[in-house]
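One structure is given here, and the rest of the page talks about it.
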């Protein structure tokens, strides 16, 4: 008898555009600009649902060219 195999995969943590804006303390318009410029990737589900991968938000801030630090 064949042994059943199980596949496991990790489902990424996702945020809505509004949740992303609240988390980063930015306006929704600013988040929309980042999305439209291609600096922040989104996943569209159907016509209305747009999700942002939380890891993409973290990696956005790990790239110094995406922001500037003011002393």
| note | Restricted to segment 1-24 and to residues being at pLDDT below 90 and under 15 Å from residue 52 (Cα atoms), the residue surrounded by the most Cβ atoms within 10 Å (Cβ to Cβ) is 24
| query | Does residue 40 fit the bill of being surrounded by 15 or more Cβ atoms within 10 Å (Cβ to Cβ), modelled with pLDDT of 90 or more, touching a strand residue (DSSP E or B) at 6+ places or on another chain (Cβ under 7 Å) and part of a strand (DSSP E or B)? | reply | no
| Among the residues of segment 50-68, is there at least one that is out of contact with any strand residue (DSSP E or B) (no Cβ under 8 Å at 6 or more places or on another chain), modelled with pLDDT under 80 and not in a helix (DSSP H, G or I)? | yes
| note | Scanning segment 14-33 residue by residue, the ones that are over 20 Å from residue 45 (Cβ atoms) and in a strand (DSSP E or B) total 0
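The values are calculated or read from the model by the stated rules, or taken from the named source; none is laboratory data. Everything numeric here is computed off the predicted structure, so don't read it as measured data. Heads up, the Cβs are rebuilt from the backbone with ideal geometry, glycines too, and the neighbour counts pull from every protein chain shown.
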